[in-house]
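Remarks on the structure that follows.
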Amino acid sequence: MTWYFKDSEWLSTEEALKKAFNKLEGSNAIVMIDNEDPNKIYCVKSAGPLHVGILKDNAGYIVASEVAVF
């Protein structure tokens, strides 16, 4: 959905993600990597916490809605 807003309205990835997320109903979460900037991770959640963890030696990231994942 973000590609639609980004391409049709010349929005930044962050602006397109916000606009797309605001169209959703209920409890939702999106984790997204943009093809144009693969070093950036976008995370958004409508309710409750969102936890982000970094793996040892910067091998990657974990994004979860439950702390038990860690």
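The values are calculated or read from the model by the stated rules, or taken from the named source; none is laboratory data. Because the structure is a prediction, the values reported are computed rather than measured. When we count neighbours, we look across all protein chains shown, and the Cβ atoms used for this are built from the backbone with ideal geometry, even at glycine. Surface areas here come from the heavy atoms of the whole protein model, side chains and all, with no ligands, DNA or RNA. Shrake-Rupley method; radii C 1.70, N 1.55, O 1.52, S 1.80 Å.
Listing for the model above:
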quantity: Breaking point among (1) part of a strand (DSSP E or B); (2) at pLDDT below 90; (3) of a type outside the set (Gly, Ala, Ser), for Val44; calculated: (2)
quantity: Whichever residue in the range 47-61 is within 26 Å of Glu15 (Cβ to Cβ) and in a strand (DSSP E or B) and, among such residues, is modelled with the lowest pLDDT; calculated: Tyr61
quantity: Criterion: assigned to a loop (DSSP other than H, G, I, E, B) and surrounded by fewer than 14 Cβ atoms within 10 Å (Cβ to Cβ) - qualifying residue of Ser8, Ser27; calculated: Ser27
quantity: Those residues of the range 30-61 which are open to solvent by 70 Å² or more (accessible area, probe 1.4 Å) and either among the acidic types (Asp, Glu) or touching a Cys at 6+ places or on another chain (Cβ under 6 Å) (or both), in sequence order; calculated: Val31, Glu36, Asp57
quantity: Pair list, Cβ < 6 Å and 6+ apart or interchain, from the range 24-47 residues that are free of Cβ contacts under 8 Å to residues at least 12 places away in the same chain to residues that are open to solvent by less than 90 Å² (accessible area, probe 1.4 Å) and β-branched (Val, Ile, Thr); calculated: Ile33/Ile41
